[in-house]
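> Below is a structure I'd like to ask you about.
The values are calculated or read from the model by the stated rules, or taken from the named source; none is laboratory data. Quantities reported herein were computed from a predicted structural model and do not represent experimental measurements. Using ideal geometry, Cβ is built from the backbone for each residue, glycine included, and neighbour counts are taken over all protein chains shown. Surface areas here come from the heavy atoms of the whole protein model, side chains and all, with no ligands, DNA or RNA. Shrake-Rupley method; radii C 1.70, N 1.55, O 1.52, S 1.80 Å.
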Amino acid sequence: AASRAWRRAAESGEAQAAWMEALPPTLSSSSSSSSAPSPPTSSSALAEQGGGAASLYARAAFLNAGPSARIFQLGAAGLGDIRANGRLRFRQPTVGFPDGTAAALVDVAPVSMQPDLRLSIYDMASLGVIGSIPMSMAKHGKSLSRPCTLLSIEGAVTAAGSGAQGLVVALEKMVVVFTWLLSSGSEDASAAAGCNLQNGRAEEVRWSQGGKEVLRSASFAGGPLFPTAAVAVLLESTKEGPVVELYRKVEDGPLPYVLYTVVPIKKSKGLPGVPGAVHGDSLALWAKNNDRTIEFARLPKVEGLQTIGGDEASGVNASAAAAFARARQASRNGKLCVAADGSGAGLDMEATQWGYLVEEIEEDPGQPDLEVGDIITSIGGQALYDLDEEGMEWRFGRNFADGAELTILPKENAKTLLETAGGKENSSTPATQQASSATSASRGRPATQGSSRREEEQKRQTFTFSARLEAWCVNAFRDPPRLIAVADNRVVIADFFEEGVRTLEVLPGAIRPPMKRPVDRVALLHKDSDILLVGVAGGVMIWRIPAIIRSLSDLDVRPPQQLTTLKMPPHSTLLGASFGVSSSTLPPMAWVAADPTSGTDGSFDVWQFYSGTFKPALQALDVGRLSSSAFSSSLLGDALTQSFKAAGKALDKVSTALEAATKSDAVAGKPLTAWVPKLKQDKNESLYAAVDKAEPVCADAVRDLRRWLRNEGRGSGRRQHDAQSLVSWIEEYRRQVLWPLQQAFLSEVSDAESEDLGFRVTAANARSTGAAAGTVPRGSS
């Protein structure tokens, strides 16, 4: 109900403001008694967030105020199954989303071939497949080999009714973030009725090609709200101990995610060999079944994890970035040679913005694939550029081994690159001991001590429960993070403070007849919910435990309530379970997915809960009806909104580059080919890069807009007119500005060129500046 009300309100600015004005200030409990954040005190401040915050708080009320619990109390209306051939088995068959969908990772390739992983999206109302996103879209998505082991999978928190979803997956060598937009109007006959996927992406966060570290898990960090959330990755090494890498999202950058900081954690003394897991950016946890002792580390609060632009991520000027992009095309591959006697690689190197610059190579052990003046831009598949010196040193040391794969920028290209950046001094990373630290890494001495850009080593604490743990889950998106565990058939909550752990027993008997212990699976419905799933071999029990979302000191708490019990079908036992609830269906529904031993083909059973006689129908977001004012940072927007944003941003960069190029040069009244080739190198590179990037952006925008007009734009009134105007405007800009500039870069220097290229600079500035400011065409936003 909240989701549908928000959609209607988002169509009009006044209605939207009135809807958020009507939100009661107590809609979400305060941080002292609930995991949900407190809403802004000013309703105007809430309205400025474009509806995303309003829907989040409305959903929190729906989840922890009882309506979702009553759906489960109705009892299962039916049992069905979803066939997912090749699904990668995990403790949760699917990851549920509040729009009534769920996702699972499947391998669609035959066993004898290289794996072809895809993220399949399912409609939990009709139990059909909506669509899939291939992992091959990620940089190393085709480099995986069997067996493919799923280490962790986690969905992002999004604004209700937005249609935008995200999910982070960790495999043995790779961390990938999937993003997509669910909308109405499917073109695929095999998809779930009335729904389709738009803007499906698979973006690589991290790729590990060997090395000393072992990838354990990944989680969204920096606040769970997608798509602004960063990604935390836990790595463990026998010699160096665990570390958490924090990556932040880059918009329009050469890489979708860049390493921001590294948080080292002390090595374990009491639980050797127990794999850890990272939960958000607040907690790393080590625990195992049938053991009373756990270890944990509270992670420090890291500022600056918000999404950044590509130029900000690289930390270099546009001309140097463009030069690096060109130089990388000449890169070659090689291998690192390390002496068997432990004396190292015999390299003296200096850290630069582009990687390690080789300054000296000793005869022993020698480096056949390297020359003095080369730049090592990656090792073991891990990029060394766009890092601070400490991060570069750490990454080089972690992958330092004989035969490690290197990506090498030849010395000729490296020299040109360093000259473009203004010399080796200007291209060096900001550090105080560059040569010594780089040398230590090259000698094989791993660098683990922190600098100003690296967080201090975090202490690793130990806690012992009174009984052995059977199963657990973590709510990391609250302060302090909370563990919800079953120990000796009792549900216990444990809050992780800096100074230690505080616990409280909230349910004395998690499993009751006819079910039998032990507990194999525990899952929380949502970070704002008090509904808990407890799974055993014979089925699942679902409880409502209000104390789960309250403070440990809050004594005024309702007692636990058993909502429903589900038994596994005959001749089947439970391997994993997950569940979800959606207010985006008509009527609202809940579901429980169980992974049975009988599902050898990857299929899993689904129980559905809803009121009435007829099955609910998934209400996909009609993106053609939403104004762009409804798209806050948590929403992606439809083709019209995205195209206007992308084209405006790209052409604004062209405008800026043109303005900078014409400030000090006498170009008025001259053809482009008369002055563009004579620009100074920095201005030439900057303008070239802007034009080179803008052309494909414009081409994609025109294609997407025309597709939108064919599929969704007919009959949409003003938005149809806006889309048509935007197509015309982009095409005119390409003809009048981009194509002449591209031709000018290819032309020889001449004072007498064809009058066809006699484009005046003032016209270019006038057109691009107006577009970038968002004034042409009016109303398209």
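> Go through the range 341-378 and give me each residue that's modelled with pLDDT under 90, among the polar types (S, T, N, Q) and over 23 Å from residue 325 (Cβ atoms).
Residue satisfying the conditions is 343 alone.
> Quick one: residue 366 ticks every box in (1) assigned to a loop (DSSP other than H, G, I, E, B); (2) in contact with a Ser or Thr (Cβ under 7 Å, 6 or more places away or on another chain) except a single one, so which number is it?
(2)
> While we're on this one: What's the total number of residues in the range 241-273 that are modelled with pLDDT under 90 and in a loop (DSSP other than H, G, I, E, B)?
13
> Which residues, counting only those in the range 496-513, are part of a strand (DSSP E or B) and open to solvent by 10 Å² or more (accessible area, probe 1.4 Å)? Full working, then the answer.
Of all residues in the range 496-513, those part of a strand (DSSP E or B) come to 496-497, 500-507.
497, 500, 501, 502, 503, 504, 505, 506, listed by residue number.
> Further question: Going by what's in this entry, would residue 502 be described as under 30 Å from residue 458 (Cα atoms), under 35 Å from the mean Cα position of the chain (by Cα) and charged (D, E, K, R)?
The answer is yes for residue 502.
> For the range 514-527, enumerate the residues that are outside any strand (DSSP E or B) and open to solvent by less than 10 Å² (accessible area, probe 1.4 Å).
The initial filter retains those residues of the range 514-527 that are outside any strand (DSSP E or B), namely 514-520, 525-527.
Within the range 514-527, just 519 meets the criteria.
> Where residues in the range 354-385 are of a type outside the set (D, E, K, R) and open to solvent by 40 Å² or more (accessible area, probe 1.4 Å), which of them is farthest from residue 213 (Cα to Cα)?
Within the range 354-385, the subset of a type outside the set (D, E, K, R) is 354-358, 361, 365-368, 370, 372-373, 375-385.
Within this subset, residues satisfying the condition of being open to solvent by 40 Å² or more (accessible area, probe 1.4 Å) are 361, 365, 368, 372.
Numbers: 361: 27, 365: 25, 368: 26, 372: 29 Å.
Only one residue fits best here, namely 372.
> Sticking with this one: Mind checking which residues of the range 146-155 are open to solvent by 30 Å² or more (accessible area, probe 1.4 Å) and in a strand (DSSP E or B)? If you could, list the steps in order and put the result at the bottom.
First, the residues of the range 146-155 that are open to solvent by 30 Å² or more (accessible area, probe 1.4 Å): 146-149, 151, 154.
Those that are open to solvent by 30 Å² or more (accessible area, probe 1.4 Å) and in a strand (DSSP E or B): 151, 154.
> Among the residues of the range 674-688, is any modelled with pLDDT of 80 or more, of a type outside the set (S, T, N, Q) and either touching a Cys at 6+ places or on another chain (Cβ under 9 Å) or open to solvent by 20 Å² or more (accessible area, probe 1.4 Å) (or both)? Lay out the reasoning, then the answer.
Taking the range 674-688 and keeping what is modelled with pLDDT of 80 or more, we get 687-688.
If we keep only those that are of a type outside the set (S, T, N, Q) as well, we get 687-688.
Now narrow it down to the ones that are either touching a Cys at 6+ places or on another chain (Cβ under 9 Å) or open to solvent by 20 Å² or more (accessible area, probe 1.4 Å) (or both): 688.
Looking through the range 674-688, at least one residue is modelled with pLDDT of 80 or more, of a type outside the set (S, T, N, Q) and either touching a Cys at 6+ places or on another chain (Cβ under 9 Å) or open to solvent by 20 Å² or more (accessible area, probe 1.4 Å) (or both).
> Exactly one of these conditions fails for residue 143: (1) more than 18 Å from residue 87 (Cβ to Cβ); (2) surrounded by 19 or more Cβ atoms within 10 Å (Cβ to Cβ). Give me its number.
So residue 143 meets the others, but not (2).
> Please work out which one of (1) assigned to a helix (DSSP H, G or I); (2) among the polar types (S, T, N, Q); (3) modelled with pLDDT of 90 or more is the condition residue 68 fails and give its number.
Every listed condition holds for residue 68 apart from (3).
> Within the range 593-614, identify whether any single residue is under 21 Å from residue 473 (Cα atoms), in contact (Cβ under 8 Å) with a residue 60 or more places away in the chain and among the aliphatic types (A, V, I, L, M), and answer yes or no.
Yes, the conditions are met somewhere in the range 593-614.
> Out of the range 114-126, which residues are crowded, with 18+ Cβ neighbours inside 10 Å and part of a loop (DSSP other than H, G, I, E, B)?
To start, the set of residues in the range 114-126 that are crowded, with 18+ Cβ neighbours inside 10 Å comprises 115, 117-126.
115, 124, 125, 126, listed by residue number.
> Looking at 664, 716, which is the one that is modelled with pLDDT under 65, open to solvent by less than 50 Å² (accessible area, probe 1.4 Å) and not in a helix (DSSP H, G or I)? If you could, list the steps in order and put the result at the bottom.
On the way: 664 fails: open to solvent by less than 50 Å² (accessible area, probe 1.4 Å).
From the options 664, 716, the qualifying one is 716.
> On to the next question. Cβ-Cβ under 8 Å, sequence separation 6+ or interchain: first residue in the range 358-387 and in contact (Cβ under 8 Å) with a residue 60 or more places away in the chain, partner in a strand (DSSP E or B) and of a type in the set (Phe, Trp, Tyr). Which pairs?
Once the first residue is in contact (Cβ under 8 Å) with a residue 60 or more places away in the chain and sits in the range 358-387, its partners that are in a strand (DSSP E or B) and of a type in the set (Phe, Trp, Tyr) give 381/207; 382/207.
> Just to be sure before I move on: is residue 553 among the hydroxyl-bearing types (Ser, Thr, Tyr), farther than 18 Å from residue 97 by Cα and without any contact (Cβ under 8 Å) to a residue 12 or more places away in the chain in the structure I sent? Lay out the reasoning, then the answer.
On the way: among the hydroxyl-bearing types (Ser, Thr, Tyr): yes; farther than 18 Å from residue 97 by Cα: yes; without any contact (Cβ under 8 Å) to a residue 12 or more places away in the chain: yes.
When the stated conditions are applied, residue 553 passes them.
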